[in-house]
Amino acid sequence: MANAAPAKHFVHDPTHLVNRALEAATHTNPSVALDAENKIVYLRPSANSQAAPRVSIVSGGGAGHEPSFAGFVGDGFLAAAVSGTIFASPNAEQIRRCILRRVPRGKGVLVVVMNYTGDVLNFGMAVEKARASGIDAEMVVVADDVGVGRQQGGKVGRRGIAGTVLVQKIAGALAAQGASLQQVADVARLVCANLASIGASLAHVHVPGRALTGPTDEDLKDSEVEIGMGIHNEAGSERREVDLPALVKNMLTKLLDPSDKDRSFININGQQDKTVLLVNNLGGVSPLELGGVVAEVVEQLDKDWKIKPERVLSGTFMTSLNGLGFSVSLLKVADTGLGAGKSLLELLDAPAEAVGWANAVRTKTWQERPDRTLDLDVTGDDAVQSSNLEREYFSIDFGSQNLTETLVDPALAQKALEAGLKQVIAAEPEVTKYDTIVGDGDCGIGLRRGAEALLTMLKEIETPKDAAVLVNNITQVVEKEMDGTSGAIYAIFLNALSHGLRIQSAKSPTAATAQNWAKALETSVEALSKYTPARPGDRTLVDALYPFVETMAKTGDVKSAAQAAEVGAKGTKGMKASLGRTVYVGTEGWQEVPDPGAHGLSQFLSGLASVFGGSRGELPHI
């Protein structure tokens, strides 16, 4: 049995590693700067950019995919990139600050994001908040991976992988020519509609900072290749013992066979259609061996499919740390309808000063060594809008209502929260174990990080007697400290919960009774449903959340509601996932464990409920 990719690292602390890698981007390209606190790499303002305003292209995602995305920040490419921790989405607050403070907004902002639940939720939330503040913003979601077919993808759809780079490059080049936001967004979506990719790997990767484990049945054999493997260690669609020619034949068939109704997403006629080929190194393939892969792919495209690409791009664009594999992307060249100089090929060929792209930095830039930075001062109307954003959930207008306080017993509220948070911390090893089986192992760590930050807040800040203010304080910590899918879901839910509590006291201060809490919780579930298709039965934390809210609405009994959440979490054992990264996991291990997020939430609610005495547990109120 083969082990995963090499687990030896020069830097073992994952947080330190990500921060240092982002610093490196400023050393290798003098035209970019770093907002270290928010993990934002952005393009420095220049005389040219100020004289000719353009649409700002913003992207990002989890770290571990370098040079994506920080390496593509530069003139003619991305205006900024926001990084999360390794394999986890940045949070919405990081992204919001990027849009508000680190990129020009005069001609609008286009956010390009890969189709992963956490990325879509967090970037989507930031886009909505930007729109609420008056910024013209659009979001394009790239889903190019045919390793996930229509049936397996279900509600989630295809993943975004290396083809994303072509979308970003073409959009960046068009923006540099002064096109409108609508034109840039339309062309980006055109590229997405004509793009397909698939990857393959010889081994799973080891994430720095994680404990080493011995060989397991999930490891590939020495002679095996995993076809369709994702860029976060997700299992592929199949494993085979094949040599390179047979592997490439299999991958190209999945990309191009029109009879495969589950995977046929683009239809290329080799005699008529122009194409672009991108062969991407997942991080651990030597340039020599990648050259052999490129030659095999080009040869088989010509021989078996009569396709001769107009452009062949080869190199390291989007990695899975040191993944011992590669991906193949094909772009069908469609008409942009924008005239001379704006065809997909011309935009792809346009110069870009980004270190992740070939011949990126010009001599003139090295000589000038620009030293200006950008940190927009939010004043005047912007300040009012920003202040409103701190108090409202997207389109919900607090200012138009005469709202007062929903009162709680601060001591009891703090005691209950501390009990729930401590139980989450105690459950972290168990949650991590479950997520290692069904995901990428970061769920427990993310929950623990959020719980520890909230405990610190409860010690340092006096617990308010206004329930809405208390929930708002909690929300700010969650938005800053918790990333990934669960962080975004909790942030959306808590934003709406604060508003739901506030409208309970529209006329005069009122106690935060069980009935008021229940109504506010129902408001939160309704708001959450707008931004995620997750429902009970999809094997997500919603399987614990919905029963809690429904039972609170029926009984007003927090203990009964917590028990319902626990039953819901346990019920996810053996439940096939419809959403999240678990959808892509091909192992049978998910049948033996509950959903990690649902289990973690049920542990918090169980700890919270343990504080309340009697047969009926009343939520804290005065």
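Model label points for residue 529 and residue 338, set 7 angstrom from Cα along the Cα-to-Cβ axis, are 4.0 nm apart. So, R0 is 30 Å and r is the distance between the beta-carbons of residue 223 and residue 262; what FRET efficiency does that work out to, to 0.05? E(calc), rounded to 0.05, equals 0.65. Note on 273, 557: ascending count of other Cβ atoms within 10 Å places them as 273, 557, the fewest first.
Ordering 19, 464, 446 by the projection of their Cα atoms onto the charge dipole of the chain, which places +1 on the Cβ of Lys and Arg and -1 on the Cβ of Asp and Glu, puts 464 at the extreme positive end. By the count of other C-beta atoms within 10 Å, a proxy for reagent exposure, 457, 575, 114 are ordered fewest to most as 457, 575, 114. Could you tell me which helices of the chain pass both thresholds, a Cα extent of 24 Å or more along their own axis and a mean Kyte-Doolittle hydropathy of at least 0.0, with helices taken as whole DSSP H runs? Correct list, ordered by number: 287-305, 410-438, 443-460, 484-503. Under 19 Å of direct C-alpha separation, and excluding same-chain neighbours fewer than eight residues apart, residue 221 reaches these aspartates and glutamates: 234, 238, 241, 243, 588. Here 443, 192 are placed in order of increasing Cβ neighbour count within 10 Å, fewest first, which gives 192, 443. Bridging of residue 459 to aspartates and glutamates at a Cα separation below 14 Å is possible for 418, once same-chain residues fewer than 8 apart are set aside. Phi angles across the range 272-277 convert, under the Karplus curve 6.51 cos²θ - 1.76 cosθ + 1.60 with θ = phi - 60°, into 3J(HN,Hα) values of 10, 8, 8, 9, 10, 10 Hz, Gly and Pro given as x.
Among the listed values (i) 76, 59, 45; (ii) 88, 49, 41; (iii) 109, 80, 41, the one matching Cα extents along the principal axes in Å as calculated from this structure is (i).
Annotation: aspartates and glutamates with alpha-carbon distance below 15 angstrom to residue 274 (same-chain offsets under eight excluded): 302, 310, 335, 346, 349. How high is the relative contact order of the chain, in percent, counting Cα pairs under 8 Å that sit 6 or more residues apart? The value is 15 percent.
With a threshold of 20 Å on the Cα-Cα distance, the over-threshold entries among 169/249; 433/576; 415/519; 433/573; 129/342 are 169/249; 415/519; 129/342. When only the Cβ of Lys, Arg, Asp and Glu is charged (+1, +1, -1, -1), the dipole of the range 14-368 relative to its Cα centre reaches about 1160 debye.
Along the axis of the charge dipole computed for the chain (Cβ charges of +1 for Lys and Arg, -1 for Asp and Glu, origin at the Cα centre), the listed residues 563, 192, 202 are led at the positive end by 192. When the charge dipole of the range 392-609 is built from unit charges on Cβ atoms (+1 for Lys and Arg, -1 for Asp and Glu) and taken about the Cα centre, the candidate among 533, 516, 605 whose Cα reaches farthest toward its positive end is 516.
Around the Cα centre of the range 392-609, unit charges on the Cβ atoms of Lys, Arg, Asp and Glu (plus for the first two, minus for the last two) sum to a dipole of about 360 debye. In a reduced charge model with +1 at each Lys and Arg Cβ and -1 at each Asp and Glu Cβ, the chain shows a dipole moment near 760 debye about its Cα centre.
Note on residue 180 and residue 9: with the Förster distance fixed at 45 Å, the Cβ-Cβ geometry gives a FRET efficiency of about 0.50.
In the chain, the sites counted are GluC sites (Glu not before Pro) in DSSP loop states with at most 13 other Cβ atoms within 10 Å, and the longest stretch holding none of them, exclusive of the sites, is 242-461.
None of the figures in this text is laboratory data; all of them are computed from the coordinates on show. None of these values were measured; they are calculated from a predicted model. Reconstructed Cβ throughout: ideal geometry from the backbone, glycine too, with neighbour counts over all protein chains shown.
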